[in-house]
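What follows is one structure encoded as structure tokens, with my remarks underneath.
The values are calculated or read from the model by the stated rules, or taken from the named source; none is laboratory data. This structure is a prediction, so every number in the text was calculated from the model and none was measured. Glycine gets a Cβ as well: all are built from the backbone with ideal geometry, and neighbour counts include every protein chain shown.
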Amino acid sequence: MKKKLMFVFGTRPEAIKMVPVIMACQKQPDHLNPIIVVTGQHRQMLDQVLRLFAIKPKYDLEIMSDNQTLSDIVNRTLTGLTKIIEREKPDMLLVQGDTSTAFAAGLAAFYQKVHIGHVEAGLRTFDKWQPYPEEINRKLLTALADLHFAPTQTSVDNLVAEKVSRETIFLTGNSVIDALLMTAEMDYDLAKTGIQLDPTRKLVLVTCHRRENLGPPLENICHALLQLAQVHVASIEIVLPVHRNPQVRDVIKKLLGKVANIKLVEPLDYEPFVHLMKAAYIILTDSGGVQEEAPALGKPVLVMREKTERPEAVTAGTVKLVGADDKLIFSEANELLTDRAAYDRMSQAVNPYGDGLAAERIIRVILYRFGRANSKPAEFVARKTVKQ
Ligand code: UD1
Ligand code: UDP
């Protein structure tokens with residue numbers, strides 16, 4: 001009898017990080033039957049990823065509404081998913097990360113007494129409000145989960161410190177690196193994006209969307225970008241794929257919509273975005289995933305947050321935290337653009353997040369748990385990456 005493995009996700013980053021795990025599961029047709037459920041917490045940005053990797057969900061809860069609240073997401077996921085779990089009776093349910101979809105799916109599985117595997121477990125800032133609500137979502141998921149797939153040694157240590165049994169934790173690396181390596185090696189012509197890039201200018205790639213940055217912090221970020229664009233008017237080009245959250249869109253369009261060397265574009269498909277990261281000189285972001293991917297491509301990253309749950313690249317020297325302080329964002333970016341030695345220091349670093357084999361490890365551990373493999377895989381060991 002095949003074991004039913006239910007994958008539940010709803011947003012762009014969960015999809016990117018779950019795709020490699022789904023693909024690894026599909027390579028075990030004798031043992032595993034994947035059931036893919038999307039909540040549709042994101043609509044367009046989720047569908048972009050599903051299309052690129054030809055993933056066809058069996059169920060779609062279609063929960064997204066404009067300016068949805070956290071309780072909307074949790075209520076709709078809990079109600080919709082409970083019926084699906086009752087019908088399908090999965091042997092295990094997998095969730096990824098710390099979104100409200102992931103938390104609500106974990107809760108729904110727990111209420112139905114279904115075992116839960118948590119992909120990307122153990123990340124912590126130890127500040128309940130940063131990032132909000134993700135820090136609490138992932139702590140709640142740790143309480144709910146039976147298997148904890150921790151991406152790094154730091155995340156293993158965080159779980160052990162919370163008295164999670166080491167037997168239930170597996171150090172896997174982050175599956176985002178599996179997705180990144182798979183995508184970065186595809187041939188892609190950036191001209192296809194329709195963004196007119198000037199090869200004589202340095203490309204500054206920016207993303208931002210975090211809830212705790214909405215309002216005045218986002219306005220500060222925009223002021224810093226404006227100053228950067230003006231000071232380096234002849235030598236840089238800022239490209240900013242604007243997140244679909246209206247509270248992000250409206251501010252960015254209003255403050256940065258009419259600046260010659262700032263290009264505001266729609267959220268990009270993963271493939272062009274990865275190739276844009278490869279082409280970038282520096283990256284400014286408040287994203288979780290981009291903080292993991294950019295160091296793997298040897299790109300300096302300024303993280304526009306007060307705290308990060310991904311301290312490894314900060315320690316390695318590729319990532320600097322600059323908060324949402326316009327002066328600090330400007331001065332750090334300005335230094336990278338004008339001081340070659342400072343730039344070189346940040347673009348030569350260790351990649352601590354993965355080796356492209358996280359998904360295989362996760363599926364092997366699950367097979368072992370189901371009694372379908374004789375041994376657990378070797379755990380992930382961080383190694384140096386080659387500068388690109
Ligand atoms: C969510 C996650 C966050 C993750 C981020 C990735 C929660 C609480 N937050 O935040 O952890 O970092 O996704 O991007 O789970 N919208 C669209 N189309 C889309 C996506 C969003 O129109 O494809 C708009 C909708 O109006 C929606 C709003 O954006 O209501 C906010 O989306 P939501 O998923 O609630 O929050 P994010 O900030 O995207
Ligand atoms: N990304 C993308 N297109 C874009 C911007 C980002 O495909 O226009 C990818 C990026 O490479 C990363 C993921 O989306 O893998 C990060 O998503 P996001 O920043 O929305 O969420 P977070 O990682 O902060 O939860």
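Tabulated data for the structure shown
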quantity: Per-region count, region 128-152, residues acidic (Asp, Glu) and within 16 Å of ligand 2 (Cβ to nearest atom); calculated: 2
quantity: Subset of region 108-139 [within 16 Å of ligand 1 (Cβ to nearest atom) and in a helix (DSSP H, G or I)]; calculated: ALA108, GLU134, GLU135, ILE136, ASN137, ARG138, LYS139
quantity: Helices (runs of 4 or more DSSP H) contained entirely in region 1-103, each with at least 3 residues that are acidic (Asp, Glu) and surrounded by fewer than 24 Cβ atoms within 10 Å (Cβ to Cβ); calculated: 70-88
quantity: Qualifying positions in region 40-60 - away from ligand 2 (no atom under 15 Å from the Cβ) and in contact with a helix residue (DSSP H, G or I) (Cβ under 6 Å, 6 or more places away or on another chain); calculated: TYR59
quantity: Positions within region 153-185 being touching a residue at least 40 places away in the same chain (Cβ under 8 Å), among the hydrophobic types (A, V, I, L, M, F, W, C) and either farther than 14 Å from HIS118 by Cα or within 16 Å of ligand 2 (Cβ to nearest atom) (or both), in sequence order; calculated: VAL176, ILE177, ALA179, LEU180, LEU181, MET182, ALA184
quantity: Of the criteria (1) within 11 Å of ligand 1 (Cβ to nearest atom); (2) under 21 Å from ARG138 (Cβ atoms); (3) not polar (S, T, N, Q), which one MET64 fails; calculated: (2)
quantity: Inter-residue pairs, beta-carbon under 8 Å, first farther than 9 Å from LEU46 by Cα and in region 3-28, second of a type in the set (Asp, Glu) and more than 12 Å from ligand 2 (Cβ to nearest atom), 6+ apart; calculated: LYS3/ASP91; LYS4/GLU88; LYS4/ASP91; LEU5/ASP91; MET6/GLU88; ALA24/GLU360
quantity: Options ILE195, ILE221, ILE236, ILE177: the member that is surrounded by 14 or more Cβ atoms within 10 Å (Cβ to Cβ), within 16 Å of ligand 1 (Cβ to nearest atom) and of a type in the set (Val, Ile, Thr); calculated: ILE221
quantity: Residue among LYS299, LYS263 that alone is of a type outside the set (A, V, I, L, M, F, W, C), farther than 18 Å from TYR343 by Cβ and more than 16 Å from ligand 1 (Cβ to nearest atom); calculated: LYS263
quantity: Residue list for region 282-334, restricted to those being part of a strand (DSSP E or B) and hydroxyl-bearing (Ser, Thr, Tyr); calculated: THR285
quantity: All positions within region 288-316 that are crowded, with 23+ Cβ neighbours inside 10 Å and of a type in the set (S, T, N, Q); calculated: GLN291
quantity: Condition check for ILE136: under 22 Å from MET23 (Cα atoms) and out of contact with any Gly (no Cβ under 7 Å at 6 or more places or on another chain); calculated: no
quantity: Residue match in region 288-310 (condition: among the β-branched types (Val, Ile, Thr) and over 16 Å from the mean Cα position of the chain (by Cα)); calculated: no
quantity: Contacts under 6 angstrom Cβ, first residue in region 273-287 being farther than 20 Å from LEU321 by Cβ, partner buried (at least 20 other Cβ atoms within 10 Å of the Cβ), 6 or more apart; calculated: VAL274/THR183; LEU276/LEU205; LYS278/LEU297; ALA279/LEU203
quantity: Identity of the residue in region 348-359, out of contact with any strand residue (DSSP E or B) (no Cβ under 6 Å at 6 or more places or on another chain) and surrounded by fewer than 19 Cβ atoms within 10 Å (Cβ to Cβ), that ends up modelled with the lowest pLDDT; calculated: GLN348
